[in-house]
Amino acid sequence: MKSIELLAPGPMMPLVMEKLGEAFTLHKLWEIADKDAFYREKGAAIRGLVVGGHVRIDEAFLKNVPNVEIISNFGVGYDSVDVKVAAAKGIIVTNTPDVLSEEVADTCLGLLLMTVRELPQSERWLRAGKWEGQGPYPLTHTTLRGSTVGIIGLGRIGKAIARRLEAFDVKIEYHNRRPVADCGYAYRASLKELAKSVDILVSVAPGGPETHHMIDAGVFEALGPKGIFINIGRGSAVDEPAMVEALKKGTIRSAGLDVFEFEPKVPAELIAMENVVLLPHVGSGTHHTRNLMGQLLVDNMTGWFSGKGPKTPVGETPWPKA
């Protein structure tokens, strides 16, 4: 397969670069000074794209590489790829589901507990010498005891989060575009209905036009002044200014966030707040899980060009062929 030429628009983890570089001819766009000249010379020869959210893969980008057959995406989320355009052109799009679900669910539970029990704040209290100087950290008003947790997006990761929450003996409700078959959790038909019904709202919502800013001021108003918001999905699903305003005004009590709308930029107002817990998008951030994700990306690419087909095509992709 060395004669097959691939293009990586941005840097990827070493495992991906090394394995694809060994099997294919891999071009690294970020290292190419004259990109226009590269496209003129090599654009038509590129048959696969290796992407990780660095660059928007849309119709304008694909015009430069007209013979691409597959876009292999690192991560479950693939909102940086215009899948409708790709499907119309017959291009396969793959992602890396399942292998990161448990890791992200673990992170979500950690973030949730940190936020509910104010664990980072209490650690800062100790480190600042306040325990000795001012006494014990104040008792927290929020707890998981007797709480109801609502999950936005009961897919693979959402279900993994729910399984963990069951061990905490909390009530679980959820919102999806449609009810999940054989699910014992209460379904809420709208986001506002779910937010109004729960104490803690957890978003696992993906990115993309369909979910953009769907968690808005009205949702936070429904969640209420005792409510806690956790986001482990995509930052773009949240109206970030509305969330900041809700936290400032006490419309909701607190938030725990692993994702943001314009990463790695985080609003200064959020950083200054004491009633939020902020993580730098570390949901799947272990060597173990990232290596599994990288290998699945490689397997999708090699599977396609060896004639076996993609391992994990996304729902919108034209596979299997009609």
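The values are calculated or read from the model by the stated rules, or taken from the named source; none is laboratory data. Computed from a predicted structure; not experimentally measured. We place every Cβ from the backbone using ideal geometry, glycine too, and count neighbours over all the protein chains shown.
The set of residues in segment 96-111 being more than 11 Å from Val282 (Cα to Cα) and crowded, with 23+ Cβ neighbours inside 10 Å consists of Thr96, Leu100, Ala105. Glu261 falls short of the stated requirement of being surrounded by fewer than 22 Cβ atoms within 10 Å (Cβ to Cβ), closer than 19 Å to Ala205 by Cβ, modelled with pLDDT under 95 and within 22 Å of the chain's Cα centre (by Cα).
Considering only residues that are among the aliphatic types (A, V, I, L, M) and either in contact with a Cys (Cβ under 8 Å, 6 or more places away or on another chain) or outside the structural domain of Met243 (by TED's automatic domain parsing) (or both), which ones fall in segment 169-216? Give the derivation first.
Within segment 169-216, the subset among the aliphatic types (A, V, I, L, M) is 170, 172, 180-181, 186, 189, 191, 194-195, 198, 200-202, 204-205, 214-215.
Correct list: Val202, Val204.
To keep it simple, each residue is scored yes or no on (1) surrounded by 20 or more Cβ atoms within 10 Å (Cβ to Cβ); (2) in contact with a Leu (Cβ under 8 Å, 6 or more places away or on another chain).
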{"position": "Lys196", "(1), (2)": "no, yes"}
{"position": "Asp199", "(1), (2)": "yes, no"}
{"position": "Ile215", "(1), (2)": "yes, yes"}
{"position": "Pro225", "(1), (2)": "no, no"}
{"position": "Asn231", "(1), (2)": "yes, yes"}
{"position": "Arg234", "(1), (2)": "yes, no"}
{"position": "Asp239", "(1), (2)": "yes, no"}
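The residue pairs whose first member lies in segment 74-87 and is on the phi > 0 side of the Ramachandran plot, whose second member is crowded, with 20+ Cβ neighbours inside 10 Å and among the polar types (S, T, N, Q), and whose beta carbons are closer than 8 Å, counting only pairs six or more residues apart or on different chains, are Gly75/Asn95; Gly75/Thr96; Gly75/Ser284. Here Val85 meets the list (1) surrounded by fewer than 22 Cβ atoms within 10 Å (Cβ to Cβ); (2) closer than 24 Å to Lys19 by Cα almost entirely, failing just condition (2). Of the residues Ser80, Ser72, the single one that is in contact with a Ser or Thr (Cβ under 7 Å, 6 or more places away or on another chain) and of a type in the set (S, T, N, Q) is Ser72. The listed residues are Val51, Val55, Val76, and the only one of them that is aliphatic (A, V, I, L, M), crowded, with 18+ Cβ neighbours inside 10 Å and within 18 Å of Glu5 (Cβ to Cβ) turns out to be Val51.
Annotation: Asp79 fulfils all but one of (1) out of contact with any Leu (no Cβ under 9 Å at 6 or more places or on another chain); (2) in a strand (DSSP E or B); the unmet one is (2). Among the conditions (1) over 18 Å from Asn231 (Cα atoms); (2) outside the structural domain of Lys63 (by TED's automatic domain parsing); (3) out of contact with any Phe, Trp or Tyr (no Cβ under 6 Å at 6 or more places or on another chain), Ser147 misses just one, which is (1).
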